[in-house]
1. If the viscosity is 1.306 mPa s and the temperature 10 °C, what translational diffusion coefficient in µm²/s does Stokes-Einstein give for the chain when Rh comes from Kirkwood over Cα pairs?
2. Heavy atoms only, probe 1.4 Å: what % of the accessible area of the chain goes to carbon and sulfur, would you let me know?
3. Residue 204: net charge of surrounding residues, Cβ under 15 Å, Lys/Arg +1, Asp/Glu -1, itself excluded?
4. Considering only protein heavy atoms, what per residue accessible area in square angstrom results for segment 400-473 with a 1.4 angstrom probe?
5. Just grab the label-to-label distance for residue 438 and residue 104, each label 7 Å out from Cα along the Cβ direction, in nm (one decimal).
6. Would you check the chain for Lys pairs whose C-alpha atoms are within less than 29 Å, ignoring same-chain pairs closer than 8 in sequence, and give me the count?
7. So what's the gap between the Cα centers of segment 409-441 and segment 270-346, to the nearest angstrom?
8. Excluding ligands, DNA and RNA, what is the solvent-accessible area per residue of segment 214-253 at a probe of 1.4 Å, expressed in Å²?
Amino acid sequence: MAIGVEEKSARSESKDYARYSFWLETAGEELVPRPSLEGPMEADVAVLGAGFTGLWTAYYLLCNEPSLRVVVLEGEISGFGASGRNGAWCGPGFPVTPGELARRYGQEAARELILEMHNAVREVGRVVEVEAIDARYFRSGLMRVARGSSQLPGLQATHEAYRALGLEDDYRMLNAEETSRRVRITDARGALYSPHCATVHPARLVRGLARAVERLGGTIFERSPVTSYETGGDPRLVTARGEVRARTLVLAGEAYLTRFRELRRQLLPVYSLIVLTEPLSETRWAEIGWEGRECVSSNRYTVDYLSRTADGRILFGGRGAPYHFGSRVKDEYDRHGPTHDLLRRTAKEWFPALEGARFTHAWGGPLGVPRDWMPTMSYDPASGVATARGYTGQGVATANLSGRTLADLIQGRDTPIVRLPTVNHEPRLWEPEPLRWLGARYVQRGLMKVDDHAERTGEPPTGKTLAERLARH
Ligand SMILES: Cc1cc2nc3c(=O)[nH]c(=O)nc-3n(C[C@H](O)[C@H](O)[C@H](O)COP(=O)(O)OP(=O)(O)OC[C@H]3O[C@@H](n4cnc5c(N)ncnc54)[C@H](O)[C@@H]3O)c2cc1C
């Protein structure tokens with residue numbers, strides 16, 4: 001079956017890649033694209049996308065079987081997508097909550113999956129070391145903070161869900177004082193702490209990984225957008241100037257996959273946006289604390305995520321930028337003035353010490369949300385297609401698990417990870433337009449209102465509003 005992209009934006013012009021994120025700007029190298037694919041080629045495995053998913057898959061395939069011919073086709077440059085733009089968390093977070101995982105798949109499977117996520121965080125650190133990737137990997141720990149009394153019950157419920165899975169040593173509650181000993185955030189009433197999290201320099205990690213893949217014998221073509229692919233008897237990835245025939249295709253384009261009509265309803269592309277301060281003075285840091293550089297978020301529905309960079313800046317990210325009709329993904333959506341302004345204001349509310357500090361960078365990017373929020377890691381030998389996607393903004397460590405899982409599936413290894421509930425998971429499709437747009441916008445706005453109401457009144461969300469019920473799939 002032949003499947004093609006529809007949108008012109010799948011074509012690649014020359015771009016100033018450094019301006020897509022602070023991370024790409026400080027990747028420590030000129031972002032000169034690798035050669036493009038010119039003409040036909042044969043391979044064993046052809047990968048669409050040089051982000052974490054595509055590159056980890058290529059990496060493990062080649063580690064397991066050095067003679068394998070692996071070719072990666074990237075539409076822009078390695079790390080162009082979310083992998084080169086994210087919030088720097090390499091964490092165990094999973095889009096489906098621990099309680100919901102247990103409800104859907106049972107306690108044992110939920111526990112296995114969470115433990116595999118802890119393992120993925122460690123595994124990224126291991127590879128960074130053996131491959132000498134200067135990714136600034138730092139075991140920082142993770143704090144989900146209750147800002148205001150309304151967020152405390154939700155946090156306690158999450159803690160209880162971890163405890164029910166026997167993970168109480170891995171996730172523990174901190175009271176307000178213990179929280180502020182780590183980081184001083186206004187109105188923080190407590191936090192859920194886990195040591196299983198690291199921060200990384202994502203662009204250095206993804207680009208270092210690309211070089212590791214090449215060292216192992218893989219080939220990466222850049223500025224080679226795949227315009228269509230063929231599955232079944234003669235699988236191949238097709239670009240404007242060439243094609244790669246291979247036994248197996250790996251579709252690792254996350255949110256961008258929605259540009260293929262057949263995949264459009266598999267994921268909802270949602271934009272996550274980030275603002276970044278200048279490096280802060282010692283005086284400001286003395287007020288804020290945060291020596292442990294933990295990854296920090298609050299317990300709002302309208303996700304926020306923070307990290308402290310190695311060079312002493314605060315990164316403040318959040319969702320809330322509007323969904324675009326037809327699941328459109330375009331560079332111009334990476335920046336959204338009102339959302340970036342809100343993030344800057346919120347950062348100052350969290351940290352009054354930021355008054356007068358400069359925000360030097362603002363960027364964003366698309367992430368893929370499946371209908372049931374459960375990532376998929378799948379391989380179908382009949383069609384020759386493997387794919388991993390749908391991380392809902394928690395894909396840095398998860399993509400490592402995807403890479404190992406897809407490699408095991410493709411190479412036929414019966415390992416514990418190929419029995420996780422993510423494997424061959426098929427989420428329900430998103431609704432067709434205009435329902436998708438109406439629903440997504442309604443839920444986005446509704447959840448924001450629920451969060452604001454909870455903060456104003458100190459009352460926790462009821463979980464019963466229409467937006468909350470719709471968001472629960
Ligand atoms: C602003 C932001 C902040 C985030 N923060 C965090 C965080 O702190 N922690 C966390 O765990 N996760 C975070 N995420 C999510 C995480 O970054 C992603 O889940 C992860 O990077 C996904 O990796 P990927 O390789 O699957 O996709 P991507 O990194 O998006 O890579 C897909 C690649 O495929 C290429 N591609 C697409 N279509 C084609 C085509 N037709 N032909 C060829 N190439 C193509 C793209 O150019 C791109 O390079 C964030 C995401 C965003 C956008």
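1. Reported coefficient: 71 µm²/s.
2. It is 51 percent, rounded to a whole number.
3. Once positives and negatives cancel, what remains is -3.
4. 56 Å²
5. Inter-label distance under the simple model: 2.6 nm.
6. Count of close lysine pairs: 5.
7. After rounding, the separation between the Cα centres reads 27 Å.
8. Accessible area per residue: 38 Å².
The values are calculated or read from the model by the stated rules, or taken from the named source; none is laboratory data. Here the structure is a predicted model, which is why all the values come from computation and not from measurement. When we count neighbours, we look across all protein chains shown, and the Cβ atoms used for this are built from the backbone with ideal geometry, even at glycine. In case anyone asks, the SASA skips ligands and DNA or RNA and just uses the protein heavy atoms, side chains included. Shrake-Rupley method; radii C 1.70, N 1.55, O 1.52, S 1.80 Å.
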